[in-house]
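Reading through the structure tokens given below for one structure.
The values are calculated or read from the model by the stated rules, or taken from the named source; none is laboratory data. Since we're looking at a predicted model, the values are computed, not measured. Every residue, glycine among them, receives a Cβ derived from its backbone with ideal geometry; neighbour counts consider all protein chains shown. All accessible areas refer to the heavy atoms of the entire protein, side chains included, with ligands and DNA or RNA removed. Shrake-Rupley method; radii C 1.70, N 1.55, O 1.52, S 1.80 Å.
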Amino acid sequence: MQIITSVSEMMSLAGRLRAEGGRIGLVPTMGALHEGHLSLVKIAKDRGSLVVVSIFVNPTQFGPSEDFTKYPRPLEADLAACQAAGVDYVFTPSPEEIYPKGYSTFVLEEHIAKPLEGASRPAHFRGVTTVVAKLFNIVRPHFSVFGQKDAQQVAVIGKMVVDLNFDVEIVVAPTLREADGLAMSSRNRYLTHTQRVEALVISRALRKAAEMVAAGERRVDRLIAEATHLIGQQRRVRIIYVSIVDRLTMEAVKGEITPGKSVMAIAAWVDEVRLIDNEIL
Ligand code: PAF
């Protein structure tokens with residue numbers, strides 16, 4: 001496994017690999033890798049391609065009062081996990097490498113990025129689309145794997161790829177959950193035992209909604225009311241949003257859902273830890 005920290009080195013490597021006929025699969029990450037990330041790596045490997053994992057805690061997608069400085073950066077452990085998973089290249093640039101002094105160009109998706117995460121984290125998707133566009137230009141992947149756990153991110157990046165004519169296939173991997181149902185996330189490591197137990201209500205609420213749909217319920221207001229009621233029973237959990245949206249446009253679904261086309265998306269604070277999760281309904 002080769003570790004690359006410079007943009008120019010990564011760009012010449014990508015050019016060389018492509019010239020030799022190699023297929024490149026990119027798994028973009030911010031590090032603090034867990035089984036969920038490694039499942040994305042496995043999907044890339046199973047496609048028989050060379051796998052590049054990028055590890056970069058992207059400053060532009062964090063708001064001023066968010067957890068950029070305290071975001072976990074266990075690089076040694078991440079590299080060991082990548083090595084064990086059979087990753088071919090790790091691209092781990094510094095912030096200055098990606099955003100040199102005087103950097104001033106950003107990519108903005110202006111529709112899908114607006115609600116949900118976009119409403120409560122205003123500059124978030126501008127940072128995500130900018131860094132992912134840069135990674136696509138630097139690593140030149142044939143395909144890139146993202147987790148359904150970040151449903152809105154997947155939709156925004158899919159739209160960016162179409163709108164800006166990136167020749168990159170977006171592969172979406174199912175959300176991996178802990179045995180108790182908690183969606184895997186690098187931020188789970190912030191949770192104390194008590195907070196973690198209360199956080200489980202988020203996946204329980206999503207499961208309940210899926211069960212209601214399986215039993216024939218279609219009404220958005222009833223599905224949201226039940227999820228909100230369940231979450232409201234936990235003292236430490238404060239809802240940021242519980243919404244049912246179209247899985248491609250992220251527009252709020254009105255009236256009734258069409259099974260398979262909607263997503264229930266939840267964001268909540270568990271004390272000071274912000275968690276998101278979703279379920280396709
Ligand atoms: O999902 C993430 O970890 C990040 O948003 C991504 C896609 C790596 C961009 O920084």
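Step by step: first the residues of segment 239-266, then only those that are open to solvent by 50 Å² or more (accessible area, probe 1.4 Å) and among the charged types (D, E, K, R), then the one that is farthest from Gly118 (Cα to Cα). Which residue is that?
Step by step, filter segment 239-266, then rank; the result is Glu256.
Being within 14 Å of the ligand (Cβ to nearest atom), closer than 23 Å to Leu275 by Cα and at pLDDT 95 or above is true for just one of Pro72, Pro95. Which residue is that?
Result: Pro72 is the single residue among Pro72, Pro95 that is within 14 Å of the ligand (Cβ to nearest atom), closer than 23 Å to Leu275 by Cα and at pLDDT 95 or above.
Residues of segment 89-133 being closer than 16 Å to Val52 by Cβ and open to solvent by 50 Å² or more (accessible area, probe 1.4 Å), which ones?
Result: Glu97, single match.
Out of the residues in segment 43-68 that are under 17 Å from the mean Cα position of the chain (by Cα) and among the polar types (S, T, N, Q), which is nearest to the ligand (Cβ to nearest atom)?
Looking at residues that are under 17 Å from the mean Cα position of the chain (by Cα) and among the polar types (S, T, N, Q), I get Asn58.
Only one of Ser185, Ser203 is over 23 Å from Ser49 (Cβ atoms), in contact (Cβ under 8 Å) with a residue 40 or more places away in the chain, within 11 Å of the ligand (Cβ to nearest atom) and among the hydroxyl-bearing types (Ser, Thr, Tyr). Can you tell me which?
Answer to the check: Ser185.
Only one of Val128, Val154, Val172 is within 30 Å of Ser94 (Cβ to Cβ), touching a residue at least 40 places away in the same chain (Cβ under 8 Å) and within 13 Å of the ligand (Cβ to nearest atom). Can you tell me which?
Only one candidate qualifies: Val128.
On the basis of being open to solvent by 10 Å² or more (accessible area, probe 1.4 Å) and either touching a helix residue (DSSP H, G or I) at 6+ places or on another chain (Cβ under 8 Å) or within 13 Å of the ligand (Cβ to nearest atom) (or both), does Gly147 make the cut?
yes
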